[in-house]
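The values are calculated or read from the model by the stated rules, or taken from the named source; none is laboratory data. No experiment lies behind these values; they were computed from the predicted model shown. Here the Cβ positions follow ideal geometry from the backbone for every residue, glycine too, while neighbour counts run over all protein chains shown. Each accessible area value is taken on the protein alone, full model and side chains, heavy atoms only, with ligands, DNA and RNA left out. Shrake-Rupley method; radii C 1.70, N 1.55, O 1.52, S 1.80 Å.
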Amino acid sequence: MYKVVIGLEVHCEVLTNTKNFSSAKNTYTNIPNINVMPVDLGLPGILPVVNEEACRKALKTAMALNCETPDEIIFDRKNYYYPDLPKGYQITQVTKPFGRNGHVTFLVNGKEKTVDIHQLHLEEDTASLEHYSNYSLIDYNRSGIPLMEIVTEPCIYSADEAVAFLETLRNIFLYLGVSEAKSDKGQMRCDVNISLMKDTDKVLGTKVEMKNINAFNSVKEAINYEIKRQSEILDKGEKVIQETRRIDEDGKTYSMREKVDAVDYKYFVEPNLAPVKITKEYKDTVRKEIPELEYSRIKRYLELNINLEDALTLAKDKDISNYFDEVIKNTKDINLAVNYLTIVILGSLNKLNININDLFITPTMLANVINLVKENEVSNQLAKNIIYEAMEKNIDPLEIIKSKNIKQISDEGELRNIVKKIIDESPEQVKEYLNGKEMVANFLVGKVMSATNKQANPAASLKLIKEELERMR
Amino acid sequence: MEYKKSTIENLREALDNNEVTGEELFNEAKKLAEESQKDINAFVTILDKYKSRPKKKGILTDIPYSLKDNFSTTGILTTASSNILKNYVPVYDATVYKKLKDAGAVLVGKTVLDELAMGGTGTTGHTGVVLNPWDKTRLIGGSSAGSCASVAAGIVPFSIGSDTGDSVRKPASYGGVVGFKPTYGRISRYGLFAFASSLDHVALLTRSVKDAAIVTNVLKGEDPLDMTSLKDDGLDYTLNLDKSIKGKKFFYIKEACTFDKKSDILESTLNEFNKLLDKIRSLGATVDEVSIDKDLLNAIYPSYMVISCAEATSNNSNLTGIPFGNRIDGSTYEEIMFNTRTEGFSELIKRRFVIGSYVLQKENQDKLFLNACRVRRMIVDKMHELFKTYDALIMPASGGIAPKLGEASDVLSDEYLILENHMAIGNFGGFPSITLPYGFVNSMPIGVNITSNILKDSELLNIAKQIEDLLGYIGQVAGDKNV
């Protein structure tokens, strides 16, 4: 067995109207080369203009990842030649990235894990290339789209941890609204650095880099394949080669190139963008925009004695979690709230295929119904039906309850009269009960329920039926 | 009205009095441009047709001008005088060009520069050497060679150039015209092919200080496409020109003007300079000799080379033949880039790129590039300190007259090092700086350079105008002998 050490470099497209340094649109399209301005083509004479929104979102993400943030915005040039890089340099951040020395905590299979963030910086994406047998095409739509790159420390020790981290990260992006983070559109991609070492080793093993993996599942496959491949090499007493590999559709990794000496990108400060101070006030405003994040909510839910599975479900989506938090502000019955939200509400969202924010039932409406159930005013079953009806008709459930004059009958005197009447009408069942078939009592509860339009309190009814029948012995 | 000697002011009057039409002026300029080509070779492209569609009629409407061939002009060939761009037709307008179009100014032609604006001789453009209209055996200097020659020859009353080290102000001296570089950011660089972004300035050549003020008025202002551009100062630069400069304080740098041995030309130039200083003093201004650490002054030129080459190698990395440019084929993308750049650039350019690449390399960057940036900062700090006491630095723009073609003008003796390169100080600090003619040596014009603190463009033009009035070289064109 070897110790696996993994570091991730995650690229994520930032959600903005326009590109990072030009006014071309930042949208996904299948039509090549339509979201392109001279800046994105690197034409002679062009100058970059910084997208403030992209900076704000990168700063916000850095804060959410508990990073140290800089006192000013500075960009640097990374110089290299490649056909997808029209200017011959990429504008990125080296001198003062938006974030340094951060960390993020999350659960892996129910256990807490913290990943240290080395840095977060804002840069621009390259054009995309399509290769054919004897020519290649360049699509500049992607050229200049704002990208955040998040680099972790080598502190991830399994494929599960890596995937859980990526899911957490994506969730943070979504919570912050800084990216759509769809890996099928390449909006979130990741490079995996992996090495194996013996438990007794003091230094990290030889690093293998796997580039540009989109799907999280592929990350998992690639890591597990590499662990197996590298273990076999080490088992034979051979050495792992430092190289860059790619993952293929078969889930195996293949060598792309052996790593030669590190490329010198000749970084220097971008002279066309004067440094911009980030004031404390600005930072405070941005910080205030950060909502409570998933992991904090999970912990809060667990403290409310909600089980792990439900806590995860509730915290997964910011809007659902916010909705739930509003519900429990207005009702004390957490169990009912969880039950109604995870079963009735989430079930309906799936069926109706809508977002929770578009739901007619507000958290207050739901809480009101839950309170009636808790106070035995309305039966559980009836309450659920009323909510479905309310959703269908866009009517406040309280209105439905009022208009139908629904009120759970829990008053003993009133209920006893109904029970007596039902017993009188059911001589056969009474005989069976008295002969020892006690299950019949439940049948009689059903009859009480239909006689009262489901308004009778079922538990109270059962109790009274048993009392009345016993008295007949 | 004699077109060749007319300033913008003169032409405006003639146009407004219906003595001449814009089309006639264009045709005259075009004829002069074509005739001059075989002698001075100032143009890469001469336009065929008069075109003026002002958004609003103004002072530059119907005034002919020329534009350095490193400004992006939609639909008009723009080569930067390099083979790598010899077929390049831009798809967007530089802000400067757009402003001039909107003002109704009439473009006559695109002018030759030293390849990619790197060089000070005007001899390295891909269409050949530009010669000095005053003496066709001499250079006009560069890199804004064609721009300067076209103004000095009377083809156009003004031209737009670019100034990274002294690329407008040095040729202005050799051509006997006015060369003005406003404060960094005063005029948008959007669409100016970048040489060294932190040093590049849009600059202009005219035949009077007032014309420089007129053109700057039109060009200045904040540009959302250039984040280094400055908010407009709201001033009309023509209104401050006639104020007396009595009480103004000038200084010149002792170490740049002190020599153990002097050539005849240098001696005459310095004599003329001293005569000028006396005349300025007679206006009630003071001129002091100020001493600056010679080691620091000697570091100006090497620091300039290091910084400008570093930025240039990065700025010109877009020239690969992949998205645009004169692509030379190859079987891989590396080969295409390699072949395109090998054939596209002259040896001098490659030399600069090698220097630029070398100084940016990890192991050299601190010692070479960052140290050059530190020298730059020290010089700029020194200037800021001096500008607390003084209104302007006044210096000979050059230690002599335009060199003869074939004179090894790029090889500089130690004596000349400071005097020939001090104008880069204006680029280091983004200071407004102007060169204007102040006399003749051996029947060739010489220029004086005045530099003020940043944002003091209006004050600088006032000083320049007062000195110009003192000397009288207004509307000077080649052939005017004033020995």
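So here's what we get for this one:
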{"item": "Members of the stretch A:60-112 found to be of a type in the set (D, E, K, R) and either within 14 Å of chain B (Cβ to nearest Cβ) or closer than 30 Å to residue A:44 by Cα (or both), listed by number", "result": "A:72, A:76, A:77, A:78, A:84, A:87, A:96"}
{"item": "Filter result (away from chain A (no Cβ under 14 Å) and in contact with a Cys (Cβ under 8 Å, 6 or more places away or on another chain)) within the stretch B:337-382", "result": "B:352"}
{"item": "Criterion (open to solvent by 10 Å² or more (accessible area, probe 1.4 Å) and under 28 Å from residue A:299 (Cα atoms)) met by exactly one of A:79, A:101", "result": "A:101"}
{"item": "Test: residue in the stretch B:73-82 that is more than 30 Å from residue B:316 (Cβ to Cβ) and either among the polar types (S, T, N, Q) or part of a loop (DSSP other than H, G, I, E, B) (or both)", "result": "no"}
{"item": "Count - residues of the stretch B:305-319 that are more than 9 Å from chain A (Cβ to nearest Cβ) and buried (at least 24 other Cβ atoms within 10 Å of the Cβ)", "result": "5"}
{"item": "Output for the stretch B:191-224, where each listed residue is among the polar types (S, T, N, Q) and within 11 Å of chain A (Cβ to nearest Cβ)", "result": "B:197, B:198"}
{"item": "Matching residues in the stretch B:1-37 - criterion: being in a helix (DSSP H, G or I) and without any contact (Cβ under 8 Å) to a residue 40 or more places away in the chain", "result": "B:13, B:14, B:16, B:23, B:24, B:27, B:28, B:31, B:34, B:35, B:37"}
{"item": "Residue count for the stretch A:243-278, restricted to those that are in a loop (DSSP other than H, G, I, E, B) and either under 30 Å from residue B:199 (Cβ atoms) or within 14 Å of chain B (Cβ to nearest Cβ) (or both)", "result": "14"}
{"item": "Elements of type strands (runs of 3 or more DSSP E) in the stretch A:119-212, at least 1 residues being open to solvent by less than 60 Å² (accessible area, probe 1.4 Å) and within 30 Å of residue A:316 (Cβ to Cβ)", "result": "A:146-152, A:188-197"}
{"item": "Matching residues, the stretch B:225-239, being within 14 Å of chain A (Cβ to nearest Cβ) and closer than 23 Å to residue B:474 by Cα", "result": "none"}
{"item": "Among residues of the stretch B:362-406, those that are in a loop (DSSP other than H, G, I, E, B) and surrounded by 13 or more Cβ atoms within 10 Å (Cβ to Cβ), counted", "result": "10"}
{"item": "Helices (runs of 4 or more DSSP H) fully within the stretch A:305-400 counting 1 or more residues that are closer than 30 Å to residue A:415 by Cα and open to solvent by 30 Å² or more (accessible area, probe 1.4 Å)", "result": "A:334-339, A:363-374, A:380-393"}
{"item": "Qualifying positions in the stretch B:320-335 - within 12 Å of residue A:81 (Cβ to Cβ), within 8 Å of another protein chain (Cβ to nearest Cβ) and either of a type in the set (A, V, I, L, M) or within 30 Å of the chain's Cα centre (by Cα) (or both)", "result": "B:320, B:322"}
{"item": "Selection within the stretch B:133-147 - over 10 Å from residue B:122 (Cα atoms) and out of contact with any Lys or Arg (no Cβ under 9 Å at 6 or more places or on another chain)", "result": "B:133, B:134, B:136"}
{"item": "Residue satisfying condition, being more than 30 Å from residue A:38 (Cβ to Cβ), out of contact with any strand residue (DSSP E or B) (no Cβ under 9 Å at 6 or more places or on another chain) and assigned by TED's automatic domain parsing to the domain that holds residue A:264, within set A:104, A:115, A:108", "result": "A:108"}
{"item": "Any hit, the stretch B:121-139, residues being open to solvent by 10 Å² or more (accessible area, probe 1.4 Å) and within 14 Å of another protein chain (Cβ to nearest Cβ)", "result": "no"}
{"item": "Close pairs (9 angstrom Cβ cut-off, 6 or more residues apart or separate chains): within 23 Å of residue B:391 (Cα to Cα) in the stretch B:224-245, of a type in the set (Asp, Glu) and in a loop (DSSP other than H, G, I, E, B) anywhere", "result": "B:230/B:222; B:231/B:222; B:232/B:222; B:245/B:391"}
{"item": "So residue B:244, is it open to solvent by 10 Å² or more (accessible area, probe 1.4 Å), away from chain A (no Cβ under 14 Å), more than 27 Å from residue B:130 (Cβ to Cβ) and among the hydroxyl-bearing types (Ser, Thr, Tyr)", "result": "yes"}
{"item": "Qualifying positions in the stretch B:76-102 - surrounded by fewer than 24 Cβ atoms within 10 Å (Cβ to Cβ) and either β-branched (Val, Ile, Thr) or touching a His at 6+ places or on another chain (Cβ under 8 Å) (or both)", "result": "B:76, B:83, B:86, B:89, B:91"}
{"item": "Answer residue from the stretch A:24-36, given it is of a type outside the set (Val, Ile, Thr) and touching a residue at least 40 places away in the same chain (Cβ under 8 Å) and is nearest to the other protein chains (Cβ to nearest Cβ) among those", "result": "A:33"}
{"item": "Single residue of B:276, B:266 found to be at pLDDT below 95 and open to solvent by less than 50 Å² (accessible area, probe 1.4 Å)", "result": "B:266"}
{"item": "Filtered residues of the stretch A:37-56 (kept if open to solvent by 30 Å² or more (accessible area, probe 1.4 Å) and either of a type in the set (Val, Ile, Thr) or in contact (Cβ under 8 Å) with a residue 12 or more places away in the chain (or both))", "result": "A:37, A:41, A:49, A:50, A:53, A:56"}
